Structure formats: C-alpha cells, structure tokens
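As structure tokens, the structure follows; a few thoughts come after it.
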C-alpha cells in the first residue's frame, strides 16, 4: 500500500457498501478479508478501495444465496495466493449454477403470477371477477413456459 492510497473509515465503508458497521466487524471476525484489516494510529479500522470493492462482491454473493462458509473458503484461498485458482473457480462456478437455477425457478413463478394477473384483469374488465372462486378454485390452466 502506498502512502498516497486513500483509506476509508468503517462508517464510510458502511455508506459505500450498504453493510452495517456490525456486519463489517462480523465479516472481519469471520475471516472474509484477503488480509488482516489495518488500523490507524488511534486503533480504528481502515479499509482500502480494493477492500471496499471486495465487500461489494461479498454483498452480491450473500444476497444471491452463497453460504458464508463458501465465501470464507474463497477468501482463505485468496489469502493463500497462487496455486489454488481452480478451487476458487469451482466455488464460483457452483454458485453460478445455483443462482441460474434460482433465476429459472423465479421465471417459472413469474409466469404463473403473470398468468393470474392477466386472468384477473380480464375478469375485472368483463365484470365477472366475482365468479373466479364461486365454483371452486380459479383453475384456468397455466400455460407451460417451456
């Protein structure tokens, strides 16, 4: 790190990443950083731009459902350095596959919801919405998205 490199306080990092200061401390405790978090002369945590960018990646990994142990393992491998890139790649590849399945599941759910919205819109426009559940569940077939 050069002396010209700017650093950020934990509060600034919280604002930049959307993570609470509690979460940032938790991430440090759980070993999610590639290097130990530095402290200034007053003992307060300081973060580099690279660490802020990594935290933004962590946020996306967590929000997309990557388990904390997988992120911890990835960070551990990164700290260890060269020679384990294939394992890091595999962690990311497995997560990508899980997220792709989640997206497919959500697309299927959205298709059903879209169909129900259209069904209600037609019935409301025709003044027949009161018939939707009168004779049992509204069971107009849902089109197959595939």
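Which one of these is over 30 Å from residue 104 (Cβ atoms) and modelled with pLDDT under 95: 78, 42?
Testing whether each residue is over 30 Å from residue 104 (Cβ atoms) and modelled with pLDDT under 95 leaves just 42.
Among the listed residues 88, 62, 73, 93, identify the single one that is within 27 Å of residue 14 (Cα to Cα) and without any contact (Cβ under 8 Å) to a residue 12 or more places away in the chain.
Criteria check complete, one pass: 62.
Scanning the range 108-124 finds no residues that are surrounded by 15 or more Cβ atoms within 10 Å (Cβ to Cβ) and within 25 Å of residue 5 (Cα to Cα). Taken residue by residue, the range 92-101 has no member that is more than 30 Å from residue 33 (Cα to Cα) and either at pLDDT below 95 or in a helix (DSSP H, G or I) (or both). Condition first: surrounded by fewer than 10 Cβ atoms within 10 Å (Cβ to Cβ), more than 28 Å from the chain's Cα centre (by Cα) and modelled with pLDDT of 90 or more. Can you find one or more residues in the range 133-144 that meet it? No, the range 133-144 contains no residue that is surrounded by fewer than 10 Cβ atoms within 10 Å (Cβ to Cβ), more than 28 Å from the chain's Cα centre (by Cα) and modelled with pLDDT of 90 or more.
The values are calculated or read from the model by the stated rules, or taken from the named source; none is laboratory data. No experiment lies behind these values; they were computed from the predicted model shown. We place every Cβ from the backbone using ideal geometry, glycine too, and count neighbours over all the protein chains shown.
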